[in-house]
Structure formats: C-alpha cells, structure tokens
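Participant: This is the structure I have questions about; it appears just below.
Please treat every number below as a calculation from the coordinates, not as lab data. Remember, predicted model here, so these are calculated numbers, not experimental data. Every residue, glycine among them, receives a Cβ derived from its backbone with ideal geometry; neighbour counts consider all protein chains shown.
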Amino acid sequence: MPSFDIVNQLDLQEIDNAVNMVKRDIATRYDFKGSSSSITLSKSDKNIIINGDVEYQIDTIFDMLQNRAISRKVSVKVFKSNETENASGMTFRKKIDLQSGISKENGKKINVMIKEMKLKVNSQIQGEHVRVTGKKIDDLQSVMNTLKEKNLDIPLQFVNMKS
C-alpha cells in the first residue's frame, strides 16, 4: 500500500551557513560599525541568540537572518522568535528557537485536515511525524498538494514516498 511521511526537519548546516553570512554582513555594514552586535547559533540547544546595542539593530539582524535563510531555501517558519529582552548594561538580546518535529497539536490539525478531504487515505501520528497511507498514489499526491496550500505555523516536508 503506498504511503509517505509528513515531517518537519531542520537543515542545521544551511541555518549555520545563513548565520555565518549574517555575521559577515554585520562586520561590513556601516550602521553596525563600533557596535557589539553579534549572532550565535547553538546547534545542541537548537537556538540562535542575537545581541545588540539598540533594539533596531536586533530587528535588523533578525530581518537579515530571515532573508539569508530564504536565499538558502530554509523556511522562516522554523524560527520561533521570543521577545527582545534587556541583557547586561545597555545591550539587548533576542533568543530565537528553531522548531523541528511535528508536535501532537499540529499532528492532530494535520489529521483533521486530511480527514476533511474525504479521500480514501489513513493518517496516523508516529512520534514526530505523520504517516499517510492510501490505495491510490493520486490520493496521496492530492493530500500533499492540499497540505502545501494550507497555512500551518510549521514547515512541512514529505519524505519516504513508497508505492
């Protein structure tokens, strides 16, 4: 029986490349000269920390990160931004969590969307991914296309297509 998995995977190497490009941009931009602005990626904690002297610098760095991520074909939906907070002294900090995997709530939403299509397919949550099985590959492809059009708060990838 044909099947595929719906997952939310991070490409940490591409995110690392985007962060390094932003670091280069910070070093060369005129409005960041003399500031202590920085961006760091923690692969183990799966988060990015942006430090800056002024709040607009943090917002600018975050915009630069999103633009670089888009150019590296990484969805900006993986960035879960927290509020900008005061760090020590006169500096500000923003922590950005990287989302990976499909939570139970999002898995349930995906299951409901698939059931609303009224196709002859079954979907089940298996850990951090959702497996969809059906008798016809055309039904599975229509599920893929419909889920791509839906606006979820996480990026979806479709892997392990078996026929």
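Participant: Within region 98-137, which residues are hydrophobic (A, V, I, L, M, F, W, C), assigned to a strand (DSSP E or B) and more than 26 Å from the chain's Cα centre (by Cα)?
Facilitator: Answer for region 98-137, where residues must be hydrophobic (A, V, I, L, M, F, W, C), assigned to a strand (DSSP E or B) and more than 26 Å from the chain's Cα centre (by Cα): just Val121.
Participant: For region 3-10, does any single residue satisfy the condition of being acidic (Asp, Glu), touching a strand residue (DSSP E or B) at 6+ places or on another chain (Cβ under 9 Å), surrounded by fewer than 19 Cβ atoms within 10 Å (Cβ to Cβ) and assigned to a strand (DSSP E or B)?
Facilitator: For region 3-10, residues acidic (Asp, Glu), touching a strand residue (DSSP E or B) at 6+ places or on another chain (Cβ under 9 Å), surrounded by fewer than 19 Cβ atoms within 10 Å (Cβ to Cβ) and assigned to a strand (DSSP E or B): present.
Participant: On the basis of being out of contact with any Pro (no Cβ under 6 Å at 6 or more places or on another chain) and assigned to a strand (DSSP E or B), does Ile50 make the cut?
Facilitator: So Ile50 passes the test.
Participant: Is it true that Ala27 is over 30 Å from Ser163 (Cβ atoms) and surrounded by 19 or more Cβ atoms within 10 Å (Cβ to Cβ)?
Facilitator: Considered against the rule, which asks whether it is over 30 Å from Ser163 (Cβ atoms) and surrounded by 19 or more Cβ atoms within 10 Å (Cβ to Cβ), Ala27 comes out as no.
Participant: Oh, and also: Can you tell me which residue within region 42-58, out of those that are more than 22 Å from Met90 (Cα to Cα) and free of Cβ contacts under 8 Å to residues at least 40 places away in the same chain, is surrounded by the fewest Cβ atoms within 10 Å (Cβ to Cβ)?
Facilitator: Looking at the filtered set, the residue picked out is Ser44.
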